[in-house]
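Values in this text are rule-based calculations from the coordinates and carry no lab data. Quantities reported herein were computed from a predicted structural model and do not represent experimental measurements. Cβ placement follows ideal geometry from the backbone for every residue including glycine, while neighbour counts extend to all protein chains displayed.
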Amino acid sequence: MADTNFKIEPLFAEPVFRMNVASSISQEQVVALQQLAMVQNQTNLISDDLYIFRRPEFASLAEAVQTALDIYAREVLGIPQSLYVTQSWALTNPPGAGMHGHTHSNSVVSGSLYYAPLPNPTANMIFDRHKTYQQIQLRPDAARTNIFNAPYRVVKPEQGDIILFASDMQHLVEPNASQQHRHSIAFNSFIKGALGDYRNVSELKLSGEPS
Ligand SMILES: [Fe+2]
């Protein structure tokens, strides 16, 4: 009989970071967020203000997100530089509305904050393994799907969750199949600090934008 001993080593992995900050969100902030002026954005609604974390009334939310980004930089990326929020905006998906697949340009880590009660069903986030068009689509058998072959992964958000992920990862939001609005905040981030090496003439000092 042939020897069938084998070993599979995971080489790399794609992280999704989750931290619940429900205790940092007040009812007044929920009301203020839902009263922001919104404009049409393809199928859903997006706040007219695209720097909402600069508003003093949302300072505790911005602080909670900064804490999550600090942990991500240290524990996930393992880098000495820090991440800071660039743009931040509110999103509302009315019944029937989702968000098509996309990535976030000019950002390192992107995220969502589910500040309000989520509808039932929630409308999940779907992360796509592939970043490019797939001429040949290999689909694993359902019973044999694992982290090496899964074409996509489903993340179900909970109220109060901050979810962080690499900005170049393709993702979409399922259509809202409930009769309630689905509310969230989204944001991008970038690196602050020194990269490279002085003598190698690769040094780059990123100071971040003035607040
Ligand atoms: Fe997104």
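Each peptide in 201-207, 121-127, 5-11 gets a packing score, the mean of other Cβ atoms within 10 Å over its residues, and the list from highest to lowest is 121-127, 201-207, 5-11.
Annotation: aspartates and glutamates with alpha-carbon distance below 14 angstrom to Lys131 (same-chain offsets under eight excluded): Glu14, Asp168. Every helix of 4 or more DSSP H residues in the chain counts as -39500 (n - 2.57), and over all residues that averages to -3000 deg cm²/dmol at 222 nm. Using the Cβ-Cβ distance between Met1 and Val154 with R0 set to 30 Å, the FRET efficiency from 1/(1 + (r/R0)^6) comes to roughly 0.15. Other residues with beta-carbon under 12 Å from the beta-carbon of Arg18 carry, at +1 per Lys or Arg and -1 per Asp or Glu, a net charge of -1.
Of all aspartates and glutamates in the structure, the ones whose alpha carbon falls short of 17 Å from that of Lys205, not counting any fewer than 8 places away in one chain, are Asp197. Please build a GNM for the chain, connecting alpha carbons under 10 Å apart, and tell me which residue among Ala13, Ala59, Ala97 fluctuates the most. Fluctuation is largest for Ala13. By definition, a body whose alpha carbon gyration tensor gives a ≥ b ≥ c is oblate when a/c is 1.5 or more and a/b is not larger than b/c, and segment 16-206 fits this oblate description.
Is the shape of segment 96-211 best called rounded, prolate or oblate, per the rule: a/c under 1.5 gives rounded, else a/b larger than b/c gives prolate, else oblate, with a ≥ b ≥ c the square roots of the Cα gyration tensor eigenvalues? Oblate, since a/c reaches 1.5 and b/c is not below a/b. Here each label is just a point 7 Å from Cα along the line to Cβ, and for Ala22 and Glu63 those points are 2.1 nm apart. Label sites at Val31 and Asp48, each approximated as a point 7 angstrom past Cα along Cα to Cβ, lie 2.1 nm apart.
Under a GNM of the chain (C-alpha, springs under 10 Å), which listed residue has the highest mean-square fluctuation: Gly160, Gly193, Gly96? Residue with maximal mean-square fluctuation among Gly160, Gly193, Gly96: Gly193.
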